[in-house]
Amino acid sequence: QVQVVESGGGSVQAGGSLRLSCTASGTIFSIKAMAWYRQAPGTQRELVARIFSGGSTNYADSVKGRFTISRDNAKNTVYLQINSLKPEDTAVYYCNVNGAVLNAWGQGTQVTVSS
């Protein structure tokens with residue numbers, strides 16, 4: 001059983017910053033990738049950023065240059081530094097942990113950006 005817990009969401013004004021954290025715990029054999037997704041009301045969940053165990057990353061075009069994903073493999077923790085927030089970044093942000101026999105999601109953390 002794997003537990004995934006996110007933290008760090010909140011309400012900020014446009015232009016502000018937040019740092020999201022996500023930690024996976026439990027019976028984990030290997031993690032291939034950790035990622036952040038987001039889902040705004042009435043929309044599909046979309047990939048925001050992903051980081052692989054080797055350190056390579058990919059980002060959605062809409063967040064490139066503003067979001068930075070990083071990872072502490074020893075702690076099974078992934079971070080998402082979010083800068084220059086825009087109202088359209090408002091969403092529930094979900095952490096995903098993926099491995100050969102693992103695909104786990106957190107409960108999500110709300111990010112609200114006001115103009």
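Key figures
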quantity: Segment 44-61, residues that are open to solvent by 60 Å² or more (accessible area, probe 1.4 Å) and over 23 Å from residue 7 (Cβ atoms); calculated: 44, 54, 56, 61
quantity: For residue 113: the one exception among (1) in contact with a Ser or Thr (Cβ under 8 Å, 6 or more places away or on another chain); (2) buried (at least 18 other Cβ atoms within 10 Å of the Cβ); (3) closer than 15 Å to residue 21 by Cα; calculated: (3)
quantity: Total residues in segment 2-24, condition open to solvent by 50 Å² or more (accessible area, probe 1.4 Å) and either on the phi < 0 side of the Ramachandran plot or assigned to a strand (DSSP E or B) (or both); calculated: 9
quantity: All positions within segment 9-20 that are within 13 Å of residue 94 (Cβ to Cβ) and not hydrophobic (A, V, I, L, M, F, W, C); calculated: 9
quantity: Pairs where the first residue, in segment 47-68, is on the phi > 0 side of the Ramachandran plot and the second is part of a loop (DSSP other than H, G, I, E, B) and among the acidic types (Asp, Glu), C-beta under 7 Å, 6+ apart; calculated: none
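Yes or no, residue by residue, for (1) out of contact with any Lys or Arg (no Cβ under 9 Å at 6 or more places or on another chain); (2) closer than 19 Å to residue 9 by Cβ; (3) in a strand (DSSP E or B):
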position	(1), (2), (3)
34	no, yes, yes
44	yes, no, no
58	no, no, yes
70	yes, yes, yes
80	no, yes, yes
92	no, yes, yes
95	yes, yes, yes
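The values are calculated or read from the model by the stated rules, or taken from the named source; none is laboratory data. Computed from a predicted structure; not experimentally measured. No Cβ is skipped: glycine too gets one built from the backbone with ideal geometry, and neighbour counts run over all protein chains shown. Please note that ligands, DNA and RNA were not included when accessible areas were found on the heavy atoms of the full protein model with its side chains. Shrake-Rupley method; radii C 1.70, N 1.55, O 1.52, S 1.80 Å.
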